[in-house]
Amino acid sequence: MIKPEEVYKIGRLGKAHGVKGEVSFQFDDDIFDRVDADYLVLDIDGILVPFFMEEYRFRNDTVCLVKFCDIDTQQRAQELTGCDVYFPRALAEEADNDLSLASLVGFTIVSAPDGFPVGIIASIDDTTANILFELEDGRLIPANDDLIVDIDTEHRQIRMNIPEGLLDI
C-alpha cells in the first residue's frame, strides 16, 4: 500500500480525450518526464493507486495527454476525471539532484541557528515572483535560496535562516 508521505502531488487529471482511453493531465511539475518512471500514482476515492503509463504527449507547458495501460475506452478514462496525480518521492530524490518545489510539501522547516521547528509545509505559493512556503498554520515563509541552509531529504527537513520578526507577522 502506498502511503501519503511516499508521494507528492504533481497535478490533476482532466477530461477524457478521444475514444481510446487518453486523458488530459494538468501538471505543476514535469518530474514524470525528467525521471524515468513507468507509473504515476492516482488518488482513487482516498486510496493511492499506481497506474502504469503506456504513453504521453505534451499539448503545452502545463498539459499533456496520458494513455494508461488497461484504460482503453473513453468511458474508462472518464472515470479518472478529477483524480489528483502524485509522483513517488523516492524516484524523484534518487534521480534528480534538483528537488522540485512540489516535492517539498510535507517537509518541516527548522530554524538554522537553534534547531527550533517552525512548521510543516502545506503548499507552495508560486503565483507571484516571490515563491512562498505556506505552512499548515497559514504562515508564509519566503522560499528564497539565500535563506535555505540545507535540505535533508532523509529526515524531510529544511534548515533555514529566518529573518527576525518574520514569524511574528
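Where residues in region 37-46 are in contact (Cβ under 8 Å) with a residue 12 or more places away in the chain and either assigned to a strand (DSSP E or B) or over 16 Å from the mean Cα position of the chain (by Cα) (or both), which of them is farthest from Ala92 (Cα to Cα)?
Among residues in region 37-46 that are in contact (Cβ under 8 Å) with a residue 12 or more places away in the chain and either assigned to a strand (DSSP E or B) or over 16 Å from the mean Cα position of the chain (by Cα) (or both), the one farthest from Ala92 (Cα to Cα) is Ile44.
List, please: which pairs have Cβ atoms under 6 Å, are six or more places apart or on different chains, and start with a residue in region 55-67 that is closer than 17 Å to Asp36 by Cα and end with one that is open to solvent by less than 90 Å² (accessible area, probe 1.4 Å) and of a type in the set (Asp, Glu)?
Lys67/Glu22
Listed here are the residues, each with its yes/no results for (1) part of a strand (DSSP E or B); (2) in contact with a His (Cβ under 9 Å, 6 or more places away or on another chain); (3) open to solvent by less than 40 Å² (accessible area, probe 1.4 Å).
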site	(1), (2), (3)
Glu5	no, no, no
Lys20	no, no, no
Ser24	yes, yes, yes
Asp29	no, no, yes
Asp61	no, no, no
Ile71	no, no, yes
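Given the conditions (1) at pLDDT 90 or above; (2) in contact with a Leu (Cβ under 8 Å, 6 or more places away or on another chain), and given that Glu93 satisfies all but one, which numbered condition is not satisfied?
Result: Glu93 fails condition (1) only.
Each row is one residue, and each column tells you yes or no for (1) surrounded by 13 or more Cβ atoms within 10 Å (Cβ to Cβ); (2) touching an Asp or Glu at 6+ places or on another chain (Cβ under 8 Å); (3) within 22 Å of Asp28 (Cα to Cα).
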{"site": "Gly115", "(1), (2), (3)": "no, no, no"}
{"site": "Ser123", "(1), (2), (3)": "yes, yes, yes"}
{"site": "Thr127", "(1), (2), (3)": "no, no, yes"}
{"site": "Leu132", "(1), (2), (3)": "yes, yes, yes"}
{"site": "Gly138", "(1), (2), (3)": "no, no, yes"}
{"site": "Leu147", "(1), (2), (3)": "yes, no, no"}
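Just checking, how many residues over region 73-94 are surrounded by fewer than 17 Cβ atoms within 10 Å (Cβ to Cβ), touching a residue at least 24 places away in the same chain (Cβ under 8 Å) and within 20 Å of the chain's Cα centre (by Cα)?
Matching residues across region 73-94 total 5.
The values are calculated or read from the model by the stated rules, or taken from the named source; none is laboratory data. Quantities reported herein were computed from a predicted structural model and do not represent experimental measurements. Reconstructed Cβ throughout: ideal geometry from the backbone, glycine too, with neighbour counts over all protein chains shown. Accessible surface areas use protein heavy atoms only, side chains included; no ligands, DNA or RNA. Shrake-Rupley method; radii C 1.70, N 1.55, O 1.52, S 1.80 Å.
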